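See below for the structure under consideration.
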Amino acid sequence: MTRPSSRLRLALAALATLTGVGLVAAQPVAASPKGSAPALDAVDTFTGLSFTVPAGRNDLGQPQTCTIDADLYRPHSAGPDHRVPAILTTNGFGGSKADQAGIGRAFAQRGYTVLSYTGLGFPDSGCKISLDDPGVDGIAARSLVTFLGGGSSAAYDSADLGGVPAGPGTLTVDFTTLDDAATHDPRVGMIGGSYGGQIQFATAAVDPRVDTLVPLITWNDLRYSLAPNNTSFTTGTTYASSNPGTEKIGWVSLFFGVGIADGLTGATIDPTRNVGCPNFVLEACKAKATLDTLGFPTEDTYRLTDRVSVAHYLDDVRVPTFLIQGENDTLFNLQEAVATYRGLKQRGVDVAMAWQSWGHSGGTNGRSGAAPGELDLTGADIEGTYLGQRIKDWFDHYLKGTSAPTGPEFAYFRDWVDYTGSAAPAYGSASSYPVGTRQTWYLSAADELVSSKAAVLPGSKSWSNPGAGAFASYSEVSALEGAVDLPDGVTTPYDTPGTFGAWTTPALTSATTIVGSPTLDVRFESPAVAATQATGPAGQLQVFAKMYDVAPDGSQTLVHKLISPVRVADVTQPVHLELPAVVHRVEAGHRIRLVLASTDAAYKNAYAVQPVTVRADPLRPAAFSLPVVP
C-alpha cells in the first residue's frame, strides 16, 4: 500500500514499509473498454521547487518559517489562455513528495496542475513534525495555495519540458483556473493518504480557497487512534476526557521511530529539527513519555491530540469531501471515517464515504495494497479501477465543473465477491450510512450466544489478567504483518485460557453479512476493581473485545484483526461498547464468537491483577448486536 522513502527503508527496514502512506497502483487490471480511456496530455515537470513559508510558531512560541521541497506537474497544453484546475498533495508519515510522483503525472495528463510537496519534518523539508497542526502545517500549506493561484514564484532545480535542457529557474503559475485573481484563489483540490489525508482538513480549516478534499485512511481524533477507549464516546470517536483510553503501544512506538530517523536523515536541511524533542514538537515527546509511563493519556496529551484532529475543528471544514477508509486497518479504523462523515453531514457539507479493501494493516487475503481493479491513481488506467474512476469523477465534478457523477454516498468492498477487471462488482453501495438492520445475540450460560432473551440460561464466566503489565492475548504486530514474510503461525491471534471469556453462536443456517459496528451492552463484576477504580485510570478495569469467525473445523479468524480496548469508568454500572466497524461475510455453517480478553500484546496492559465475572442473566441479559445486510 505504501512506498516509504529509501532512507527510511535503510533505517527501519520492514517496520517502515507501511508508514509512508502514498497512493500506489493496484495490481494489474483488464484494459478499459474501448473508447473509455481519455486522451492524455504531455506533462511538463518542474522538480526541486523550494519554498520558504510562514508556519505558525515553534516550541518556544516564536514565529517560524519553514522550507518546503516540492515538484510541480503541468499539462503541456496549459497556459494563460488555457487554464486548468489544480491538485495539492503531500506524503504519508515517513514519506516524501516522491511518493506522489505517479499521481502528479497521471492527473497532469488528465488536465490538472499537480503540486506534490514533502511535509514539514520529512526530507527535504524543514521544521519539526507537528502532527498536521492547522496552526503550523495548515498555515504552511496555505502559502502553496497562494503559489498555485499565481501569488508568488518558486525557484526550481531542474525541469523536464519536452526536450528543453534542465537547469535552475524560477516558476510563476499563470496557468491555473482562478476563482478570484485578487486573492490568488485557484480552483484547487487536495488528495493524500494517512498523514497526507489529515493535512487536507488542516489546510481547509485555515484556507477557504481550498475547494474539495479526498482524504484516504486518516484519523478523526488522534486520542482515539493512539489510545482508544471504545466506550464513553461523547461524539464520534471522541471519548470523555475523564475516562481515558489505553496506549496502542506498537503503533505509537513505530511512529516515533520513523519520525526520529527522518530527523537524522534530514539534519542538513534543518539542524534544529533534532534539538530538544528529536524531530517532533515538544508536546509530542511529552505525550509519548506520558503514554509509556502511565499507559493512558492525560489532559496535557488531549491538548495536543485535540488540536491536530479534525474532530475538534470540523466546523471550519466546509468543502465537499470524499472519505476513503480501509477495512484492514488497526491504526485508523473505519470508525474514524464514520465519525468525520457523520460530522460533515450534520453540518450540511457534501460528503461521500467508501470503505476500501486495504489500509495500514495490509489488504485482503494476505495481499499488500489494493485489490485488483480497485485503485490506480498513478498510471494510464485510472479509469479502469473502481476508486480511481470515482476520484477522477469527484475532481472533475467539483474542480472542472463537469456533470461527472460523484457516485453513491456510501460504498464498501466485499472480499468474497468474484470479479474481473474493475473492482466495481465487489462494492456494495447505499444512499447513506448506516445500512441494514440489527441482529441481536444474548450471552447465555455454557459460553453461548443465543438469539432470544427467552433462551438465556443463568450462569457466569470469570477470568483474570496476569498482572504486571504482561499480555496473555495477541492480535497483531502493528505495521509488520504483510510487510515481511513471517513463519506460519507466528501472527495467528490467540487468547490464553483463564484470561478471557468467550460466547459463541450455533452454526449459522445461512450466510450473514456484517456491515458496520457491532455493539455490546454488558455488566462486569469485579470487587477488586470496584475498590480501586476511584484512584484513577490505573485502577479501572481494562477489557479488550473482539469478534471471531469460527469455521466448521474449529479454526477461528479474528475479523480484520480488529479489537476494541475498553477502560471501564465504573465497574458497578452497565457498559456500552462499540466495536470497530467491519465488512465481513460469515458463511453458513460457521459460528460467530464474542471474546472479552483481559490483555492484548499491541497495547499497554494493567499492572494490577483484575479478576472479573460476566453473568448470564435472563432478566437483564448482555446483548451483542450486529449490523447485517441482505
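The values are calculated or read from the model by the stated rules, or taken from the named source; none is laboratory data. None of the values given here were measured: they were computed from a predicted structure. As a convention, Cβ positions derive from the backbone with ideal geometry for all residues, glycine included, and neighbour counts pool all protein chains shown.
For segment 582-628, residues that are farther than 25 Å from residue 355 by Cβ, among the hydroxyl-bearing types (Ser, Thr, Tyr) and assigned to a strand (DSSP E or B) total 1.
For the condition in a helix (DSSP H, G or I), over 20 Å from residue 343 (Cβ atoms) and modelled with pLDDT of 95 or more, what is the one hit in 272, 305, 290, 246? Let's see the steps before the verdict.
Details: 272 fails: modelled with pLDDT of 95 or more; 305 fails: over 20 Å from residue 343 (Cβ atoms); 246 fails: in a helix (DSSP H, G or I).
Only one candidate qualifies: 290.
Where strands (runs of 3 or more DSSP E) fall wholly inside segment 94-209, the ranges with 2 or more residues that are free of Cβ contacts under 8 Å to residues at least 60 places away in the same chain, surrounded by fewer than 24 Cβ atoms within 10 Å (Cβ to Cβ) and among the charged types (D, E, K, R) are 178-180. In this entry, residue 376 passes the filter for residues that are buried (at least 20 other Cβ atoms within 10 Å of the Cβ), within 19 Å of the chain's Cα centre (by Cα) and of a type in the set (D, E, K, R). State which residue pairs qualify: first residue of a type in the set (Val, Ile, Thr) and inside segment 520-538, second residue surrounded by fewer than 16 Cβ atoms within 10 Å (Cβ to Cβ) and modelled with pLDDT of 95 or more in any location, beta carbons under 8 Å apart, and separation of 6 or more residues or different chains. Correct list of pairs: 522/574. At least 3 residues being under 29 Å from the mean Cα position of the chain (by Cα) is the threshold, and among the strands (runs of 3 or more DSSP E) wholly inside segment 412-462 those reaching it are 427-430, 437-444. Taking segment 512-540 as the range and being of a type in the set (S, T, N, Q) and under 30 Å from residue 437 (Cβ atoms) as the test, the residues that pass are 512, 513, 517, 519.
Of the residues making up segment 308-324, those that are part of a helix (DSSP H, G or I) and aliphatic (A, V, I, L, M) are 310, 311, 314.
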